[in-house]
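Notes follow the structure.
A short reminder: the numbers here are calculations on the coordinates, not readings from a lab. Predicted, not measured: the structure shown is a model, and the values here were computed from it.
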Amino acid sequence: MRQLLQDMDINWDKYVNDFEISAARSSIVYSDSSKMCTPINIVDHCISSNVYGFESASQYNRWRNVHFAAVGKKELRQVFDKYVKSFADPNYPLVTVLTSPSDVELLPEIGEFERKTLESIREQYKVAGMS
């Protein structure tokens with residue numbers, strides 16, 4: 001994974017070109033369109049469109065399609081540099097947050113490291129008076 005990301009960093013144009021971007025856009029639009037073949041998904045899409053502040057589902061669809069069309073190599077490179085490369089960087093701190101109500105017993109499947117980390121977080125909150 002790290003080697004692939006390093007190669008992508010150096011040979012960006014080899015991995016990301018206009019054809020690949022168009023294919024990704026088409027896949028997203030096709031996936032979204034295919035979801036509209038059941039009544040429940042249509043209703044859900046209409047409600048979501050209104051929740052997002054659009055007057056209609058078609059207005060929301062047009063807005064999304066315009067924004068998908070605006071994504072190019074420059075924007076993808078910014079995302080790659082800011083987010084994707086950090087996943088393979090061993091110096092980049094990874095944080096896993098496990099949340100549960102305080103009165104819930106943790107499952108035995110949760111590892112010892114996670115239990116210690118969670119207990120440490122709980123203790124820090126108690127010390128800070130935030131429990």
Legend entry - For region 1-48, alpha-carbon Rg relative to the globular expectation (2.2 N^0.38 Å, N residues): 1.78
Legend entry - From phi via Karplus (6.51, -1.76, 1.60), per-residue ³J(HN,Hα) for region 77-84 in Hz, x at Gly/Pro: 5, 4, 5, 4, 5, 7, 10, 5
